[in-house]
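Novice: Sending over a structure as structure tokens; questions will come in a sec.
The values are calculated or read from the model by the stated rules, or taken from the named source; none is laboratory data. What you see is a predicted model; the values in this text were computed from it and never measured. Heads up, the Cβs are rebuilt from the backbone with ideal geometry, glycines too, and the neighbour counts pull from every protein chain shown. The protein model used for the area step is the full one, side chains on, heavy atoms only, and it has no ligands, DNA or RNA in it. Shrake-Rupley method; radii C 1.70, N 1.55, O 1.52, S 1.80 Å.
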Amino acid sequence: QVQLVESGGGLVQPGGSLRLSCVASGSILRLITMGWYRQPPGKQRELVARITSAGSTYYADSVKGRFTISRDNAKNTVYLQMNSLKPEDTAVYYCNADVMLYGGRSGGHWGQGTQVTVSS
């Protein structure tokens with residue numbers, strides 16, 4: 001079994017910053033591809049950022065230049081640094097992971113989500 005736990009969300013004013021963390025636990029050999037998704041109120045879930053084992057990154061156009069995804073393989077953790085936050089960034093943010101277990105590759109794991117609210 002794989003568990004993902006997000007933290008770091010909260011209320012912040014426009015222009016402010018937050019750093020989200022996602023820690024993976026279980027009988028995990030290593031993390032493979034990790035990603036951050038978000039679901040604004042009344043909208044569908046969307047991909048925000050993704051990082052591969054080799055460190056290659058992808059960002060949605062809406063967050064390029066403002067958000068940075070990174071990983072610490074030794075800690076089984078992925079981060080999302082969010083700067084210059086806007087009200088439209090308000091959403092529940094979810095961590096997603098593909099991992100290597102002792103029995104082989106396992107994908108499609110999700111965390112419980114953490115609320116980010118950007119408001120004056």
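Novice: For segment 72-85, name all the residues that are at pLDDT 95 or above, at negative phi and open to solvent by 50 Å² or more (accessible area, probe 1.4 Å).
Specialist: Within segment 72-85, Gln81, Asn83 meet the criteria.
Novice: When you scan segment 21-120 for strands (runs of 3 or more DSSP E) that lie fully inside it, which ones turn up with 3 or more residues that are of a type outside the set (Val, Ile, Thr)? Break it down into steps so the answer makes sense when it comes.
Specialist: Working: elements: 28-39, 46-51, 57-59, 67-72, 77-82, 91-101, 104-110, 114-118.
Those strands (runs of 3 or more DSSP E) span 28-39, 46-51, 67-72, 77-82, 91-101, 104-110.
Novice: Please go through segment 4-16 and give me each residue that is surrounded by 13 or more Cβ atoms within 10 Å (Cβ to Cβ) and among the polar types (S, T, N, Q), ordered by number.
Specialist: Selection gives Ser7 alone.
Novice: Could you check, for segment 49-62, whether at least one of its residues is within 10 Å of the chain's Cα centre (by Cα) and either within 16 Å of Thr114 (Cα to Cα) or surrounded by fewer than 17 Cβ atoms within 10 Å (Cβ to Cβ) (or both)?
Specialist: yes
Novice: Which residue pairs have Cβ atoms under 8 Å apart, sit 6 or more places apart or on different chains, and have a first residue in segment 37-64 that is more than 23 Å from Ser84 (Cβ to Cβ) and a second that is not in a loop (DSSP other than H, G, I, E, B) and not acidic (Asp, Glu)?
Specialist: Thr52/Ile32; Thr52/Thr33; Ser53/Arg30; Ser53/Leu31; Ser53/Ile32; Ser53/Thr33; Gly55/Arg71
Novice: Quick one: is Gly111 among the small types (Gly, Ala, Ser) and under 10 Å from the mean Cα position of the chain (by Cα)?
Specialist: Values: among the small types (Gly, Ala, Ser): yes; under 10 Å from the mean Cα position of the chain (by Cα): yes.
Yes.
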